[in-house]
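This report refers to the structure that appears directly beneath it.
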Amino acid sequence: MKDFLKYVCATVVGLGLACLLLFVFCMISLVGMSVSEGQTASVRKGSVLRINLTGALEERAPAENPLAMLMGESFESLGLDQLLDAVDEAATNDKVEGIYMEVSSSFAGGSPAMLQELRQALLKYKESGKWIYAYGDIYSQAAYYLASVADKVVVNPKGIVDWHGMGGVPVFFTETMKKMGVEMKVFKVGTFKSAVEPFILTEMSEANRLQTEAYLNSIWNQYCGEVAKSRKLTSEKLNLLADTLTAMHPTELLLESGLADTLAYIDGFKTMLRTKLGLKEKKPIKFVSPADLVAVADKKNEKARVAVYYAFGDIVDQAATNPLTAGSATIETMPTIRELQKLRKDEKVKAVVIRVNSGGGSAFASEQIWHEVQLLKTEKPVVVSMGGMAASGGYYISCGANKILAEPTTLTGSIGIFGMIPDATELITEKLQLRFDVVKTNKHADFGAPAVYGMLGRHFTDEESALMQAEIERGYDLFISRVAAGRGISKDSVDAIGQGRVWTGEQALKIGLVDQLGNLKDAIAEAAKLAKLDKYSVDAYPAQADFMTQLLNEKKESYFDEHMRASFGEIYPMLTTMQWMLQPKRIDQCVYARLPYELKIW
């Protein structure tokens, strides 16, 4: 018996030591990965920058998710900031011969304005005299919009170019909620404020249809004009091709129509690349990634700095309490305020560019961030660069800047406020047969309590509804006051172009919501000009955590959310929206300044 216990203990100790050694080995490996991330990659003479268009295009190159890496899974995304820097470096680096755009069928694209900014950078790069080749089996419309700048667009002989036009398809939850016994109580200001429509209607209102058609046509006309110029076609021809649904036709149509230059399999394409580079057959092509090319870029180290602060995602009071933003980037009130305060107090930072890419969110959080931007503006110039969208709350936090720049296809405006509270009275009292009783000292003592539990148990009274509507109207009046002061126009003028209406950057310029059309680089130059800087460095904020910090702070929920996002795809936003509808929330958390929850354009 003693021998048995001895062997058991020895086995347990051995297993424990083995697990400990394995853990130490993994940690050493991860530390090595972390260190190698900071090392400068080498770029050899005759290199080709390979831009792999796969996954989703995001504002910033995401830090690696350590838990996802350990599990061997992650949701792919590309950082627009890294791609722009890499393309700029490729234009001036004499070791880089050209750019190869490798188009993947999994490329989900990004907002029209983000794609437009990347396309502009590629066109600027071509002014250096260097070339761009593109190859893919399946080109989505977003991928083709980018690839159309290439000197040679090559498609697999059995491949596809999906050129079909642009549409927006909102999802309506009203009937589903009715079956559940939930009714959404809506309070809003703004004829065009359409974010509430998915919860109270079964189709788009005429006002929403009007504004959606206007901005979709504006974006599509720009797409056609830009692609037509690059491919030496006409917008009319591109519209005719879109109407034929090119993805459903033989690949030869792509050559006949001028959408593609050559049909080839990947080995044939690699032969074209070798010929272009003057390489012998089977000689390896020296590809370099955007991350490696950015790592070797010559960084200015001037004492004066222009800070670029990235504010993208939903605007929230607290990120952890909002299922709609789980696993996604957010503009959280206090962290954002603290970062802006640091920039205000940093004497080396002479000007700040706030890169806004947000459809809005909490009206209260937007007001707090707006206030901090105003304090920053008293110390140094503030310029806003609008990305994919800077609408509703996104416009709220932007409107007080010294200057606002937007891409022509940026979605902006949507100046309006709304409140939504789910009334689950039927679900609770009829379907679930729950009963409530209340003891209160004053007639409205239980008004806040129902929303706290995510269910009402009783309907709003007329007086309570009137009070809520008055609160929303005060919020709207404050919003247009902020815009009027920031843009130097009357409140009546703001109201006329407000009412929740969404505009493109091209349209917003004409009505005075932005100062000029331009990209992030233009905004940086404008900020330096306002600060009277000749020499300066550009630094990005907030600083991204290194690998080990990420690993130590990583929460398992973020990994599983990332896994769910990748698994459910297009269904994922609908699931989070349904979760949000019945989530407990206070009355003050039910007032929003934001675009529709899932604005899908393709």
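When a/c is below 1.5 the answer is rounded, else prolate if a/b is larger than b/c, else oblate, so apply that to region 111-233 with a ≥ b ≥ c taken from the square roots of the Cα gyration tensor eigenvalues.
prolate
So what is the relative contact order for region 209-286, in percent, with contacts set as C-alpha pairs under 8 Å and at least six apart?
Relative contact order of region 209-286: 14 percent.
Express the relative contact order of region 357-500 as a whole percentage, based on alpha carbon pairs under 8 Å and six or more residues apart in sequence.
24
Among LEU375, THR271, GLY394, which residue has its Cα furthest toward the positive end of the charge dipole of region 265-419, with +1 on Lys/Arg Cβ and -1 on Asp/Glu Cβ?
Positive-end residue among those listed: THR271.
Using a Förster radius of 60 Å, what is the FRET efficiency between LEU253 and ALA445 based on their Cβ-Cβ separation? Nearest 0.05, please.
That pair, LEU253 with ALA445, gives E of 0.30.
So for the pair ILE511, VAL438, with labels modelled 7 Å out along Cα→Cβ, what separation do we get in nm?
In this crude label model, ILE511 to VAL438 measures out at 4.0 nm.
Any idea what the dipole of region 97-244 comes to, in debye rounded to 20, about its Cα centre with Lys/Arg Cβ at +1 and Asp/Glu Cβ at -1?
Roughly 180 debye, rounded to the nearest 20.
Within the set LYS188/LYS532; LYS286/LYS521; LYS193/LYS345; LYS185/LYS443, which residue pairs have Cα atoms separated by over 32 Å?
Distance filter (> 32 Å) returns LYS188/LYS532; LYS193/LYS345.
Considering the options LEU123, TYR135, MET177, tell which one lies farthest towards the positive end of the dipole of region 115-196, charges being +1 on Lys and Arg and -1 on Asp and Glu at the Cβ, about the Cα centre.
In region 115-196, that residue is MET177.
Over region 360-440, calculate the relative contact order: mean separation of alpha carbon pairs under 8 Å at least 6 apart, over the residue count, as a percent.
28
Could you give the length gained by full extension between ASP267 and SER465, i.e. 0.36 nm per residue of separation minus their alpha carbon distance, to one decimal place?
Result for the pair: 64.6 nm of gain on full extension.
A short reminder: the numbers here are calculations on the coordinates, not readings from a lab. Since the model is a prediction, treat every value here as computed from it, not as a measurement. Note: ideal-geometry Cβ built from the backbone for every residue, glycine included; neighbour counts use all protein chains shown.
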